[in-house]
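Reading through the structure tokens given below for one structure.
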Amino acid sequence: DAKTTQPPSMDCAEGRAANLPCNHSTISGNEYVYWYRQIHSQGPQYIIHGLKNNETNEMASLIITEDRKSSTLILPHATLRDTAVYYCIVRVVVTGGGNKLTFGTGTQLKVEL
Amino acid sequence: EAGVTQFPSHSVIEKGQTVTLRCDPISGHDNLYWYRRVMGKEIKFLLHFVKESKQDESGMPNNRFLAERTGGTYSTLKVQPAELEDSGVYFCASSQAWTTPLHFGNGTRLTVT
């Protein structure tokens with residue numbers, strides 16, 4: 001799987017949008033971009049994923065550049081409960097093929113009052 | 001629906017003893033995974049079951065680790081004999097299909113003294 005690069009930490013004011021960047025310049029055509037987060041003492045929580053198009057769900061939006069070499073996770077109105085480590089992961093999704101998630105060190109997002 | 005549940009949440013054992021961790025996936029999820037984070041390291045893949053069959057066990061560190069999923073429902077991960085370097089958090093995840101997102105449990109924190 002392609003390697004991802006994320007800033008080690010970011011701060012965000014409560015109520016503001018949190019924009020978390022991720023570089024994946026070696027991503028292949030069949031690799032999806034996945035975002036997970038881990039709140040202290042809990043297991044990783046799935047947020048969103050996408051291949052080419054921008055995606056939105058009840059938790060977040062995912063913006064993928066046209067060349068797919070980078071993406072941004074957007075939490076539109078961050079709250080204190082969004083404080084967590086956010087992982088950007090590229091994943092080959094092929095039935096019968098490899099199915100591992102490769103976690104890096106992620107971005108520690110701290111949401112403050 | 002109930003999420004992925006893991007038992008116990010914490011386990012403290014002495015070096016040389018045996019420990020068995022249990023994972024109950026989300027009902028109906030054929031795919032079950034084990035991951036772990038050892039001290040100061042990133043979350044790493046251990047293995048992947050499809051129903052009761054081991055699809056990929058390339059991440060299992062050595063033959064002291066044995067994973068089973070009899071009947072294709074819950075899974076156990078046995079460590080025998082445990083070593084100090086096995087200390088960490090063991091996560092279980094499940095997915096409905098090969099290509100769908102993984103959903104993680106909150107993990108078992110294993111401490112080997």
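Every number here is computed from the coordinates shown, using simple stated rules; none is lab data. Please read all numbers here as calculations on a predicted model, not as lab measurements. No Cβ is skipped: glycine too gets one built from the backbone with ideal geometry, and neighbour counts run over all protein chains shown.
Each Lys and Arg adds +1 at its Cβ and each Asp and Glu adds -1 at its Cβ; summed about the Cα centre, chain B shows a dipole of about 160 debye.
Averaged over peptide B:42-50, the number of partner chain Cβ atoms lying within 10 Å of each residue's Cβ comes to 4. Computed about the Cα centre, the dipole magnitude for chain A is approximately 240 debye when only Lys and Arg (+1) and Asp and Glu (-1) carry charge, each at its Cβ. Within the same chain, lysines fewer than 8 places from A:Lys52 are excluded, and of the rest, those with a Cα less than 17 Å from its Cα are A:Lys69.
Full extension of the chain between A:Ser41 and A:Glu58 gives 3.8 nm of extra length, using 0.36 nm per residue less the Cα-Cα distance.
Counting only aspartates and glutamates at least 8 places from A:Lys100 when in the same chain, those with an alpha carbon closer than 15 Å to its own are A:Asp1, A:Glu31, B:Glu42, B:Asp56, B:Glu57. Taking 4.7 Å between beta carbons as the limit, the unpaired Cys residues of chain A are A:Cys12. The label point for B:Glu42 and the one for B:Thr18, both projected 7 Å from the Cα toward the Cβ, are 3.5 nm apart.
Tell me which of B:Gly28, B:Met39, B:Val50 sits at the most positive position along the dipole axis of the stretch B:1-65, charges placed on C-beta atoms (Lys, Arg +1; Asp, Glu -1). Going by the Cα projections, it comes out as B:Met39. Pairs spanning more than 30 Å between alpha-carbon atoms, out of A:Lys110/B:Lys51; A:Lys3/A:Lys110; B:Lys15/B:Lys54: A:Lys110/B:Lys51.
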